[in-house]
Amino acid sequence: MKFLYIVFFFLIFAKSLTAQFESVNSVSRGGSLMTENNIGGALINPASINAIESSEVYILTRNRYLIKGLNSIAGIIGTKTTYGNFALNASYEGPSFFTSQSIGLTYGHNLGEKVSFGLRASHMTNVIEEVGKQQQWIFEGGILAEVSDKMNLGFSIYNFSGLKAIDDKQVTEDAVIRLGVGYEVSEKTVLNSTIEKGLDNNPNLHLGFQHNISEAIFLRTGVSTSPSVLSFGVGFALQPLMLDIAYSYHRFLGHSPHLAIRYVFKD
């Protein structure tokens, strides 16, 4: 019985367990935030690391589909230097019989006043009970560009090298390309959209919205199409602390709560 449960879990959740983390801010906007200007955004677009002005730390936790044991935690800490911005990220996810953990290094630099890039190399280890352990390297790259005072573009490639396990076993992780735009409708309202395409999957459209009801409280909502996921959340700016809470609903798998804290260190 236990073996059948493991097989079922692997078929349903294995892909999502090895997928990228993203900031809770982005989750609450339907995964549409490719232009986030803080260290949390670097989880999905490495170029976001260039928004760091001193040093920042970001920690998130989530529970997928309210399944006991299917918890995860991820964090990234970065700093600004004269040679560019650097960050160290780590994550852990999964129940005892199927865990996925990674550690990586991110580097970013500005290319003038309006364009920046970021690169990340991560080492991932997946352990499946009664099956074994698999280790692999993942490489990512991203670009952020300010098109105008109101519009920003973000582009990233996840696993652009083509994932290979160290032991040369076949793996199913896909390369993913994302292109996103953020548009400031007013001083209080921002719209976001991102198109995501895995080389072996159908395109996924993400749409999101944020409205500032005050200088310290932000309301967010969003949707993605493939799979169909609805989400919403709230952010609190308690300088130098930022708290993000999000909830997402998968059409077939159900509910997932998310929580994140970001702290900005003073110079």
Grab the other residues whose beta carbon is less than 12 angstrom from that of Arg262, score K and R as +1, D and E as -1, and report the net.
-3
At a Förster distance of 35 Å, what's the computed FRET efficiency of Thr82 paired with Thr61, Cβ-Cβ distance as r, to 0.05?
0.55
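Rank these for me by crowding, Glu22, Glu129, going from fewest to most other beta carbons within 10 Å.
Ascending Cβ contact count within 10 Å gives the list Glu129, Glu22.
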With the crude spin-label approximation of a point 7 Å out along Cα→Cβ, what separation in nm comes out for Ser96 versus Gln135?
2.5 nm
Report relative contact order for the chain in percent, whole number only (criteria: Cα-Cα under 8 Å, sequence separation at least 6).
20 percent
Assuming 0.36 nm per residue, please report the length gained on full extension of the stretch Asn201 to Thr225 beyond their Cα-Cα distance.
7.4 nm
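Each reported figure results from applying straightforward, stated rules to the coordinates on display, with no laboratory input. This structure is a prediction, so every number in the text was calculated from the model and none was measured. In this analysis, Cβ positions are derived from the backbone assuming ideal geometry, glycine residues included, and neighbour counts consider all displayed protein chains.
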